[in-house]
Amino acid sequence: MTEPLPTIVLIGHGMVGQRYLEALAERGVTATHRITVLCEEPRPAYDRVHLTSYFSGSTAEDLSMTPAGFMEEHGIALHLDDPAEHIDRAARTVTSRSGQVFPYDVLVLATGSYPFVPPVPGKDAPGCFVYRTIEDLLAIEEYAKTRTSGAVVGGGLLGLEAAGALQGLGLTTRIVEFAPRLMPVQVDEGGGAALLRTIESMGLTVHTGVGTQEVVTGEDGSVSGMRLSDGSTVDTDLVVFSAGVRPRDQLARDAGLDVGERGGIAVDARCRTSDPHVYAIGECALAVDGRVYGLVAPGYEMAETAADDLLGREKEFTGADLSTKLKLLGVDVASFGDAHGHAPGSLDVVWSDSRSGVYKKLVVSPDGVLLGGVLVGDADSYGLLRPLTGSVPPVAPEQLVLPAGVGAPVALGPSSLPDHAVICSCHNVTKKAIAACATLAEVKKCTKAGTGCGSCVKVIGQLLPAAADKGLCGCFPYTRSELYEIVRTRRLTSYEQLLDGHGRPEARGGDGCEVCKPTVGSIIASLAPTLGASGYVLDGEQAALQDTNDHFLANMQRNGSYSVVPRIPGGEITPDKLIVIGEVARDFGLYTKITGGQRIDLFGASVDQLPRIWARLVDAGFESGHAYGKALRTVKSCVGQTWCRYGVQDSVRMAIDLELRYRGLRAPHKLKSAVSGCARECAEAQSKDFGVIATASGWNLYVGGNGGATPRHADLLAQDLSDAELVRLIDRFLMFYIRTADRLERTSTWLERLEGGLAHLRDVVVHDSLGLCAELESLMADHVAHYRDEWAETLQDPERLRRFVSFVNAPGAPDPTVKFVPERDQVKPDLAVLTIGGAVR
Amino acid sequence: MTVELQVAQGWLTVCELSSLIPGRGVAALLPDGSQAAVFVDRAGRPYAIGNQDPFTGAHVLSRGLVGAVAGRPFVASPLLKQRFDLESGRCLDDEEVAVRTYPVRTAATS
Ligand SMILES: Cc1cc2nc3c(=O)[nH]c(=O)nc-3n(C[C@H](O)[C@H](O)[C@H](O)COP(=O)(O)OP(=O)(O)OC[C@H]3O[C@@H](n4cnc5c(N)ncnc54)[C@H](O)[C@@H]3O)c2cc1C
Ligand code: SF4
Ligand code: FES
């Protein structure tokens, strides 16, 4: 008779539990032990860290952390939906809810934590939720379908994430935080203030320094509002509690295991509890350093420690880093190391720009060692700074917090990191281990780095040997700027010529792809006048290269209808023209919106309406606003000297001149500009690709700015320019950018990538160091001389107009699936939500 | 030459082959009220798939850009850019998603 195998019972199949199983498998323990897993949830372990991405399209399968066939391959018995209810330590058995009794030799607790719900009246009413499991999300999603507002109790990391999710579900959302600032654990006061501004600018309402006293319910007993500790009452249909988590240690308490005063199953450095046969790992454990870690990286380390201990290997878990980066869309927040500067004698280096919501603080020891930091509004450097923690950075910390473009350029790249620097803290992977791999895929496979929170992926990319193939796509071995040069010097005017003559051998004679077609289309369009090609983007083969927006000279919106955007140069418009826009919108039933770019957008036009709409607009003197193309969008302006008492130059006239000069210019990315009449900057010129600010003696030109998710202030390129100097410099700047930028690379990233940065750009376009300027100017002169309005041309050509139908076999019929429903006296798309693979997208 | 699509009632003439630009599509309204997206590749071969983009619900696939991987043509949805194989209807970016395909042929105009 053979001896029965020793048995391991794991309670809890969460992220850490699964990692423990993998650690056992890696060490060969699955072959020598019988393993049973009790799982409370109805599904095997999934990625809780990216739970919120479920709302943005990930499916339950995407989130799964259990490789297919893993349990079978390793002979692990997984019991779903059957939590452990009782541990008998004397008999060494675990009893589950279904009544089964499991004997064990080794018991591992990985029960995670549960969301803490403050004991306020009404907390259990329908409409109250927590945010921890896929089931919680499903319930919130279902409930939110018929409601309009939501509130999150708790403004910590998770609370903000939950609030972002509620907003994404279409609810007007507020956050109630007891502490005087958001994310009180991770960020300091300055960071909290910057964070608050950013969150508010996203349209969320934030209450700090107030508690929730009561959940108010309506007549039907469900949530209708909340009463706050400052006496006020706010309306809300739904409440998500995210006021912290508590370790799930009840099972252990009942079994008489030691627990901490404030909860958590007490373990030693080997993750053993007070009973040597029982381990506790992950969020349910109270580590030797007296902390309960609410993050996945320390949990993974505990899983490895417990697995090693089983084999008698020496490994200790004595504490971990608390670095975090918020994954909420659009808000960059990160904190790492000793963010609050608890170490004695530590010093702060702070950069704070309240206008743009950027706050950066580094904590350094008196001898210059980087101890930690907080980044709000711009966390780009997080991936690099975190591994530098504990060492003296190669450049002064002051330089590390300055935004790009201010002060001396900082040459801090991953090459400055020591070999032992931990790049991926989720999986504890060093620079050395990563440098041994050739591709990101290999890194992920061999080291797991990058497969956790993902915040290290950018730095990993920089550590890998530069990919040998810099080709644009599967069709071309060249970059965009190389293709630009080929087209320019060979005077090619056709995509097929380029593909068949210069494409990769396997792509020649083929159909190309959706990446290179529009790119080449744009290159040919921006060089067209110089090459002697037709500049009209819908001529012949060019038509097949354009993205749908360029093809229909309008912007496709989510239900397949289009928006129409007439150009309003500089934002100046006569009452008569305003009336025409209003009449057109009314007659075609279009939704109208005044945009941030000083335009009036008309939404909801079907393909077949476009020519009729444009016929009226062109008649009234309007031109295409190129809202669809990778082209110049708008030049915003303030009223300037003409009307404003502060203005020192005529900003309106300059904006109109610039907009008309560069209209229709095709570029690697859309371009925006603005002109302000004085340093008060009402037109926000410094957040534009090129921005102009009037001075008493001329114009200051700023370049490389952008708004959006990762805002960047533009850099000052030249000062006190005359009108002619200004225009000449912008001509050169734009053409140099169009010539050398990558596909979809905006001026801000291009400028940061450019070797030598701003100084180099200034050398090239101001001092003509490459002798290129005459050519750049002549390219622009060609563009200006050959500009024609695409819509005016289209309307004159019956052949081209034939394309503007919904159905080729029923030219008069509108598309019956493009439907609208009323909203605030206008229309919005009526679109059925589709179900794919069991999940709603 | 005309392009014809097979539907329940038989072969339906959709349009002249010459009115299709290689690499671009058109939408056709079918007798049952559904919609097909019809394309022709550079070699002049026609393809037809359902017009509804399964990721957004909008009827827009006919307005995507045509390309090819390993010689197999696909269309990239103009909305969120997922690619669909024009021969099998399978989504190249998500194994579990596919759109329907229609038998299609070119016929000499009589
Ligand atoms: C929305 C969200 C975002 C997050 N973002 C981050 C982040 O960015 N970075 C980060 O580091 N961490 C993040 N976390 C925290 C991270 O998810 C946890 O630290 C991690 O999941 C802990 O793993 P665990 O295995 O200890 O616990 P869990 O993953 O919670 O797993 C415990 C499992 O045990 C089960 N269980 C409990 N009791 C029993 C029982 N008696 N019988 C059987 N099963 C039982 C539970 O149902 C659960 O499935 C986030 C968490 C959430 C909810
Ligand atoms: S930027 Fe100056 S000139 Fe223009 S509106 Fe503002 S204050 Fe007036
Ligand atoms: S740091 Fe989280 S995946 Fe690398």
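Exactly one condition in (1) farther than 23 Å from A:Met556 by Cα; (2) at pLDDT below 90 is not met by B:Leu80; state its number.
(1)
Take A:Ala441 and tell me if it is modelled with pLDDT under 80, assigned to a helix (DSSP H, G or I) and either more than 14 Å from every other protein chain (Cβ to nearest Cβ) or within 16 Å of ligand 2 (Cβ to nearest atom) (or both).
It is true that A:Ala441 is modelled with pLDDT under 80, assigned to a helix (DSSP H, G or I) and either more than 14 Å from every other protein chain (Cβ to nearest Cβ) or within 16 Å of ligand 2 (Cβ to nearest atom) (or both).
Farther than 20 Å from A:Tyr300 by Cα, out of contact with any Leu (no Cβ under 6 Å at 6 or more places or on another chain), in contact (Cβ under 8 Å) with a residue 24 or more places away in the chain and of a type in the set (Lys, Arg): which single residue out of A:Arg19, A:Arg48, A:Arg89, A:Arg34 fits that description?
A:Arg89
Could you grab me the full set of residues in region A:154-172 that are more than 16 Å from ligand 3 (Cβ to nearest atom) and either touching an Asp or Glu at 6+ places or on another chain (Cβ under 8 Å) or open to solvent by 10 Å² or more (accessible area, probe 1.4 Å) (or both)?
Within region A:154-172, A:Gly154, A:Gly155, A:Gly156, A:Leu158, A:Gly159, A:Gly164, A:Gln167, A:Gly168, A:Leu169, A:Gly170, A:Leu171, A:Thr172 qualify.
Restricted to region A:173-182, and to residues that are among the aliphatic types (A, V, I, L, M) and crowded, with 19+ Cβ neighbours inside 10 Å, which residue is farthest from ligand 3 (Cβ to nearest atom)?
Only one residue tops the list, namely A:Val176.
Of the residues that sit in region A:444-458 and are in a helix (DSSP H, G or I) and within 24 Å of A:Leu51 (Cα to Cα), which one is farthest from ligand 2 (Cβ to nearest atom)?
Checking each candidate, the answer is A:Lys445.
Looking at A:Lys636, is it at pLDDT 95 or above and in contact with a helix residue (DSSP H, G or I) (Cβ under 8 Å, 6 or more places away or on another chain)?
Criteria met by A:Lys636.
Go through the residues of region A:704-716 one by one and say whether even a single one is in a strand (DSSP E or B) and more than 20 Å from the chain's Cα centre (by Cα).
Among the residues of region A:704-716, at least one is in a strand (DSSP E or B) and more than 20 Å from the chain's Cα centre (by Cα), which makes the answer yes.
List the strands (runs of 3 or more DSSP E) inside region B:1-97, counting only whole elements, that have at least 1 residues being on the phi > 0 side of the Ramachandran plot and either surrounded by fewer than 21 Cβ atoms within 10 Å (Cβ to Cβ) or at the interface with another protein chain (Cβ under 8 Å from one of its Cβ atoms) (or both).
Here the list reads B:10-16.
Looking at A:Cys638, is it over 23 Å from A:Lys670 (Cα atoms) and within 16 Å of ligand 2 (Cβ to nearest atom)?
Against the criterion (over 23 Å from A:Lys670 (Cα atoms) and within 16 Å of ligand 2 (Cβ to nearest atom)), A:Cys638 does not qualify.
Mind checking which pairs have a first residue in region A:628-652 that is open to solvent by less than 10 Å² (accessible area, probe 1.4 Å) and a second that is within 16 Å of ligand 1 (Cβ to nearest atom) and at pLDDT below 95, Cβ under 6 Å, 6 or more apart or different chains?
none
Among the residues of region A:351-392, how many are closer than 14 Å to A:Val333 by Cβ and either in a loop (DSSP other than H, G, I, E, B) or of a type in the set (S, T, N, Q) (or both)?
Adding up the residues that qualify gives 6.
Just the residues that are open to solvent by 70 Å² or more (accessible area, probe 1.4 Å) and within 14 Å of chain B (Cβ to nearest Cβ), please, taken from region A:762-800.
Matches in region A:762-800: A:Pro798, A:Glu799.
Among A:Ala615, A:Ala620, which is in contact with an Asp or Glu (Cβ under 9 Å, 6 or more places away or on another chain) and surrounded by fewer than 21 Cβ atoms within 10 Å (Cβ to Cβ)?
A:Ala620
May I ask you to list pairs of residues, at least six apart or on different chains, whose Cβ atoms are under 7 Å apart, with the first in region A:168-197 being more than 21 Å from A:Ser53 (Cβ to Cβ) and without any contact (Cβ under 8 Å) to a residue 60 or more places away in the chain and the second being part of a helix (DSSP H, G or I) and acidic (Asp, Glu)?
A:Arg181/A:Glu189
Scan region A:497-516 for residues that are open to solvent by 10 Å² or more (accessible area, probe 1.4 Å) and either among the aliphatic types (A, V, I, L, M) or in a helix (DSSP H, G or I) (or both) and jot them down.
Once the filter is applied, which keeps residues that are open to solvent by 10 Å² or more (accessible area, probe 1.4 Å) and either among the aliphatic types (A, V, I, L, M) or in a helix (DSSP H, G or I) (or both), region A:497-516 yields A:Gln497, A:Asp500, A:Gly501, A:His502, A:Pro505, A:Glu506, A:Ala507, A:Val515.
Could you tell me whether A:Pro298 is open to solvent by 10 Å² or more (accessible area, probe 1.4 Å) and closer than 20 Å to A:Gly17 by Cα?
no
Going through region A:813-835 one residue at a time, which ones are out of contact with any strand residue (DSSP E or B) (no Cβ under 7 Å at 6 or more places or on another chain) and without any contact (Cβ under 8 Å) to a residue 40 or more places away in the chain?
Across region A:813-835, the qualifying residues are A:Pro816, A:Pro822, A:Glu823, A:Arg824, A:Asp825, A:Ala832, A:Leu834, A:Thr835.
Just to confirm my filter: which strands (runs of 3 or more DSSP E) fall fully inside region A:537-653 and include at least 2 residues that are farther than 30 Å from A:Ile693 by Cα?
A:562-564, A:591-594, A:600-605
Collect the residues in region B:43-62 that are out of contact with any strand residue (DSSP E or B) (no Cβ under 7 Å at 6 or more places or on another chain) and under 28 Å from A:Gly503 (Cα atoms), keeping them in residue-number order.
Listed by number, the residues that qualify are B:Ala43, B:Gly44, B:Arg45.
Answer yes if at least one residue in region A:493-516 is more than 14 Å from chain B (Cβ to nearest Cβ) and of a type in the set (A, V, I, L, M, F, W, C), and no otherwise.
Looking through region A:493-516, none of the residues is more than 14 Å from chain B (Cβ to nearest Cβ) and of a type in the set (A, V, I, L, M, F, W, C).
Going by what's in this entry, would A:Phe102 be described as more than 16 Å from ligand 3 (Cβ to nearest atom), under 25 Å from A:Gly244 (Cβ atoms), not in a loop (DSSP other than H, G, I, E, B) and not polar (S, T, N, Q)?
No: the conditions fail for A:Phe102.
So, in region A:801-827, of the ones that are closer than 24 Å to B:Ala36 by Cβ and among the charged types (D, E, K, R), which residue ends up most open to solvent (accessible area, probe 1.4 Å)?
A:Arg802
The values are calculated or read from the model by the stated rules, or taken from the named source; none is laboratory data. Keep in mind it's a predicted model, so treat the numbers as computed, not measured. With ideal geometry, Cβ positions are generated from the backbone for all residues, glycine too; neighbour counts draw on all protein chains shown. Please note that ligands, DNA and RNA were not included when accessible areas were found on the heavy atoms of the full protein model with its side chains. Shrake-Rupley method; radii C 1.70, N 1.55, O 1.52, S 1.80 Å.
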